[in-house]
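Encoded as structure tokens, the structure appears first; notes follow it.
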Amino acid sequence: MKRWFLRLVVTLVVSEMILVLVSWLLSATMTGEVRSLLSSEGIRWFLGSFTAMLASPLLVWILLLTVTGGCLWQSGLLRFQLSDYRQRVAFVATSALMLLYIGCVVALAAAPHAILLSATGHLFPSAFSRALLPLAAFGVLLASLSFGLMSGRFANITDAVWSITSGPAKAAPLLVAYILIIQFWESLRFVFV
């Protein structure tokens, strides 16, 4: 895993540096639509739009999924044992809580004139369809936290809160790769589009 990640990072950084040089050479020798990343326009673009390039729904989805996945794994919900009485009770209580949660979401989305429906009364596209991933992530997070606390996997609320950070900590290489990939892609678009 570490070698693969190192190769990816080196490849992306070297590719970005080559793109900077190629954009400069092509813009100096061609009269076409190639823009240089070393020009004043290119430097202003790179520094001025760096944050805007990274701030995308994909980044939010990655963060939500890693937070949820880490908490789900730490809670032990995926590995619960029916033979353990405490885990069995926690699973039943968590299942009841999830049915209540799903019922609330259905009430907000399926009833006539529901809050999450579009202005025309449809589910797709609507606030519901845009919030589908966050709703699912919150539901899994709620189930994981409740199961972890009830089963004793989390000794206290501090353990439960810290479980939320385990996913992003493990996914840090993914976040670094995301930054490098998005930056390279946006640089390509700046130079050639």
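Any residue in region 17-35 that is loosely packed, with under 12 Cβ neighbours inside 10 Å, more than 26 Å from the chain's Cα centre (by Cα) and at pLDDT 95 or above?
yes
Sort out which residues of region 129-175 are in contact with a Ser or Thr (Cβ under 6 Å, 6 or more places away or on another chain), in a helix (DSSP H, G or I) and not hydrophobic (A, V, I, L, M, F, W, C), and write them in order of number.
S144, S146, G148, G167, P168
Considering (1) part of a helix (DSSP H, G or I); (2) closer than 30 Å to Q183 by Cα, say which one L38 fails and leave the rest.
Every listed condition holds for L38 apart from (1).
If you go through region 71-85 one residue at a time, do you hit one that is within 21 Å of A171 (Cα to Cα) and among the small types (G, A, S)?
For region 71-85, residues within 21 Å of A171 (Cα to Cα) and among the small types (G, A, S): present.
Within region 39-62, work out how many residues are over 30 Å from F138 (Cα atoms) and surrounded by 15 or more Cβ atoms within 10 Å (Cβ to Cβ).
3
When T94 is evaluated against the numbered criteria (1) β-branched (V, I, T); (2) more than 18 Å from A171 (Cβ to Cβ); (3) surrounded by fewer than 17 Cβ atoms within 10 Å (Cβ to Cβ), which criterion, by number, is the only one it fails?
(3)
Need the failing condition index for R35 against (1) without any contact (Cβ under 8 Å) to a residue 12 or more places away in the chain; (2) within 24 Å of W185 (Cβ to Cβ); (3) of a type in the set (K, R), just the number.
For R35, the exception is condition (1).
The values are calculated or read from the model by the stated rules, or taken from the named source; none is laboratory data. Values in this document were obtained by computation on a predicted structure and should not be read as measured data. Cβ atoms come from the backbone with ideal geometry, glycine included; neighbour counts cover every protein chain shown.
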